[in-house]
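Here's the structure, in structure tokens; my notes come after.
The values are calculated or read from the model by the stated rules, or taken from the named source; none is laboratory data. All values derive from a computational prediction rather than experimental measurement. Positions of Cβ are backbone-derived with ideal geometry, glycine not excepted, and every protein chain shown enters the neighbour counts.
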Amino acid sequence: MNPITKIAIPFMVTLALMAKASATVQIPLYGGVNDETWQNITIPGVNQTIFTKSTNGALIADSMAGFGMVVRELEQVEDYPILRWRWRIERHLPPTDASKKGGDDRPIAVHVWFPMADSETSIWTSIGDTLSGLIGLPPSGRVITYMCGGKHKAGTSFRNPHLPDRGMIVIRRDNKVPISQWMTEEIDVAADYQRLFGTSAPTPSHIAISADTDDTGLKSRAAIADISFVAKPKKL
């Protein structure tokens with residue numbers, strides 16, 4: 001091997017690693033009550049879902065007849081439309097009907113917020129934003145909820161009964177997923193937004209993780225890890 005080749009190979013490997021790293025925006029998981037990058041959302045009078053970090057770095061969601069959500073603002077993801085994560089279920093819930101109010105319990109869900117254009121807002125939107133802000137929710141926008149659990153088949157999508165005008169639920173995994181087995185998701189959220197709302201997607205503004213068991217009054221346990229936004233592979 002000539003000297004130039006010896007120099008070039010490590011250089012090319014370094015460039016490849018840098019390119020791979022730059023094609024991903026890693027989202028640090030919620031680190032507890034002192035983590036100011038995430039907002040812990042609770043409902044007064046409802047048991048709080050407990051989010052804790054495991055020894056392997058995953059985020060555990062324990063819910064007992066309760067509700068909880070952690071949400072954070074997204075930055076610099078405009079060129080990264082692919083959302084990836086891993087999750088697993090440790091304790092199932094019965095097959096609930098998330099298309100109806102009072103039936104949307106689930107061991108875990110991932111929510112992606114998209115801002116609304118100024119032309120779509122109104123005084124009622126502003127009032128809603130004020131009320132939402134009181135408990136830490138993001139400003140009004142369209143929301144896609146990716147859910148694990150429920151009675152619907154994986155791949156089913158329908159209007160969110162709590163946000164019928166601007167929310168959609170997508171069942172990524174149904175109630176028959178195996179216990180304690182990591183499952184990897186990879187979703188083109190921009191394409192999903194186009195499919196679900198019929199218009200081009202703005203850059204996502206927030207991401208959230210939730211667990212909800214207040215309707216069934218039962219206990220669930222789930223974990224999530226390795227959340228990232230990824231650039232689309234370039235066509236050759």
Exercise. Restricting attention to the stretch 1-27, which residues are modelled with pLDDT under 95, in a loop (DSSP other than H, G, I, E, B) and either within 19 Å of residue 79 (Cβ to Cβ) or in contact with a Gly (Cβ under 7 Å, 6 or more places away or on another chain) (or both)?
Worked result: 23
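Report whether or not residue 223 is under 16 Å from the mean Cα position of the chain (by Cα), at pLDDT 95 or above, over 24 Å from residue 94 (Cβ atoms) and among the hydrophobic types (A, V, I, L, M, F, W, C).
On the way: under 16 Å from the mean Cα position of the chain (by Cα): yes; at pLDDT 95 or above: yes; over 24 Å from residue 94 (Cβ atoms): no; among the hydrophobic types (A, V, I, L, M, F, W, C): yes.
In short, no.
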For this session: Residue by residue through the stretch 28-39, note down the ones that are surrounded by 16 or more Cβ atoms within 10 Å (Cβ to Cβ) and either part of a loop (DSSP other than H, G, I, E, B) or free of Cβ contacts under 8 Å to residues at least 24 places away in the same chain (or both).
Result: 29, 30, 35, 38
Problem set entry | Residues of the stretch 173-213 satisfying the condition of being farther than 20 Å from residue 141 by Cα, charged (D, E, K, R) and in contact with a Ser or Thr (Cβ under 9 Å, 6 or more places away or on another chain) | 174, 212
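Looking at 58, 98 in this structure, which one is within 16 Å of the chain's Cα centre (by Cα) and either at pLDDT 95 or above or surrounded by 21 or more Cβ atoms within 10 Å (Cβ to Cβ) (or both)?
On the way: 98 fails: within 16 Å of the chain's Cα centre (by Cα).
Result: 58 is the single residue among 58, 98 that is within 16 Å of the chain's Cα centre (by Cα) and either at pLDDT 95 or above or surrounded by 21 or more Cβ atoms within 10 Å (Cβ to Cβ) (or both).
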Exercise. From the residues in the stretch 211-227 that are under 10 Å from residue 106 (Cα atoms) and β-branched (Val, Ile, Thr), which one is surrounded by the fewest Cβ atoms within 10 Å (Cβ to Cβ)?
Worked result: 216
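Filter the strands (runs of 3 or more DSSP E) completely within the stretch 147-236 down to those with at least 1 residues that are within 29 Å of residue 57 (Cβ to Cβ). Reasoning before the result, please.
Numbers: elements: 157-159, 167-173, 183-188, 206-212, 219-230.
Those strands (runs of 3 or more DSSP E) span 167-173, 183-188, 206-212, 219-230.
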